[in-house]
Amino acid sequence: TAAAATFGVPLPEHFCASGEALSWLGSKVLERSGASPATRVVVGSSGWASVRVEGARVFARAGRYRSNPSHVDPAHVDVWIDGQPRAIDAGTYRYCAAAPWGNALSAIGVHNTLDIPSMPAAVKGFRFLWLQRPAATVARAEQTADGAEVELLNETWAAHGVRHVRRIVVGNAGVEVYDDVDVGERAPLEVRLHWLVPRGAAPPEITATSGGALTVVEASPRTIEGWWSPHYGERLPAVSMSYVTTITNRTTTIHSRFLATNLRR
């Protein structure tokens, strides 16, 4: 189960509710009582956070790798509202397959996080050697008057002078994600935010202080965009949402809103 939390499988409901089980994972339960609380915040020592507020829930991954990463997914976030998935992990599909499917869903571009196309988040060397690995941490996870907040520090591009802080606000009305990006002297720099949304689910609203362009792809017949794999070897249609913005004045904030009230009619 610890491996599942580390490599991208959300913990089952009973694990999030069980302080005894979480203690085996080296986790810190920030809120616990005899009755199931309306708000629950749990942080794992391996670099993950699980938050529930009424009908909204998020699971975030922000770890540091001491060995080779199976997926490149710093600051990835899964979102559920009213028990329904609204932003999902793409899964694995197959390790070995004809192009473009050979372990392709391990790349950062299909995960629910920020990507900088001109700066690879991970660089693989010869055979088992990695020249660069992603790095992120859970900087803060706490209850608030209106719900809960999680702050992730993505240090993947810190050596290049780029700072990415992701703040996740979970409340009764839904989930809001703020991606604060400071590119420093690298401006102008193009960044890309990606969300993988289940087919038929209400999409998030995405805006940025620097403006941007949204591309939506559903089950592309030629690329890996718009697909998810709930089980190994299984591939199902999904919706890939890519928001691209060019930061010209050093900083920008990209705001994603998953609202409980914006369900399709």
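The values are calculated or read from the model by the stated rules, or taken from the named source; none is laboratory data. Here the structure is a predicted model, which is why all the values come from computation and not from measurement. Cβ atoms come from the backbone with ideal geometry, glycine included; neighbour counts cover every protein chain shown. Side chains included, ligands, DNA and RNA excluded: accessible areas come from the protein's heavy atoms. Shrake-Rupley method; radii C 1.70, N 1.55, O 1.52, S 1.80 Å.
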Rounded to one decimal in nm, the spacing of the 7 Å Cα→Cβ label points at TRP101 and THR253 is 4.2 nm
For the stretch 63-109, which chymotrypsin sites (Phe, Trp or Tyr not before Pro) are both in a DSSP coil and crowded by at most 15 other Cβ atoms within 10 Å? TYR95
How much area per residue is accessible in the stretch 101-209 when the probe is 1.4 Å and only protein heavy atoms are counted (Å²)? 43 Å²
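Given a Förster distance of 30 Å, report the FRET efficiency between VAL244 and VAL123 from their Cβ-Cβ distance, rounded to the nearest 0.05.
Computed FRET efficiency for VAL244 and VAL123: 0.85.
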Of the options ILE168, ALA136, ALA121, report the single residue whose Cα projects farthest towards the positive end of the charge dipole of the stretch 114-182 (beta-carbon charges: Lys, Arg +1; Asp, Glu -1). ALA121
For VAL43, VAL162, give me the order by solvent-accessible area with a 1.4 Å probe, most accessible first, ignoring ligands, DNA and RNA. VAL43, VAL162
Modelling each spin label as a point 7 Å along the Cα-to-Cβ direction, I'd like the ARG186/GLN84 distance in nm, to one decimal. 3.7 nm
Sticking with the crude label model, points 7 Å out along Cα→Cβ, report the distance from ALA38 to ARG94 in nm, one decimal please. 4.9 nm
Restricting to DSSP loop positions (anything but H, G, I, E, B) with no more than 16 other Cβ atoms inside 10 Å of their own Cβ, which trypsin sites (Lys or Arg not before Pro) remain in the stretch 127-223? ARG127, ARG199, ARG222
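If you place +1 on the Cβ of every Lys and Arg, -1 on the Cβ of every Asp and Glu, and leave all else neutral, what size is the dipole of the stretch 193-265 about its Cα centre, to the nearest 20 Debye?
120 debye
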Enter the accessible area of GLU190 (Å², nearest 10), with the probe set to 1.4 Å and all protein chains included. 90 Å²
Under Karplus coefficients 6.51, -1.76 and 1.60, residue-wise ³J(HN,Hα) of the stretch 179-187 in Hz, glycine/proline x: 9, 8, 10, 10, 9, x, 7, 7, 4
Taking θ as phi - 60°, what are the ³J(HN,Hα) couplings along the stretch 145-158 by the Karplus curve (6.51, -1.76, 1.60), each to the nearest whole Hz, with x for Gly and Pro? 5, 9, x, 7, 9, 10, 10, 10, 9, 9, 9, 4, 10, 4
Give, as a single signed number, the net charge of other residues whose beta carbon lies under 13 Å from the beta carbon of TYR65, with Lys and Arg counted +1 and Asp and Glu -1. +3
Report, by chain and number, residues whose modeled amide H sits under 5 Å from the one on ALA56, excluding near sequence neighbours (fewer than 5 apart, same chain). ASP82
Could you check how much of the accessible area of the stretch 143-251 is carbon and sulfur, as a whole percent, using a 1.4 Å probe? 49 percent
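Taking loop as defined by DSSP and a crowding limit of 12 other beta carbons within 10 Å, which chymotrypsin sites (Phe, Trp or Tyr not before Pro) in the stretch 178-239 fit?
TYR232
Consider all pairwise Cα distances in the stretch 113-265 and report the whole-number % of them above 20 Å. Don't skip to the end; give the middle numbers.
Values: 6778 of 11628 pairs.
Considering the stretch 113-265, 58 percent of its Cα-Cα pairs are separated by more than 20 Å.
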Amide hydrogen neighbours beyond the local backbone of ALA87, cut-off 5 Å, H modeled: VAL79
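May I ask you to compute the full-extension gain from THR215 to GLU142, defined as 0.36 nm times their residue separation minus their alpha-carbon distance, rounded to one decimal in nm?
22.9 nm
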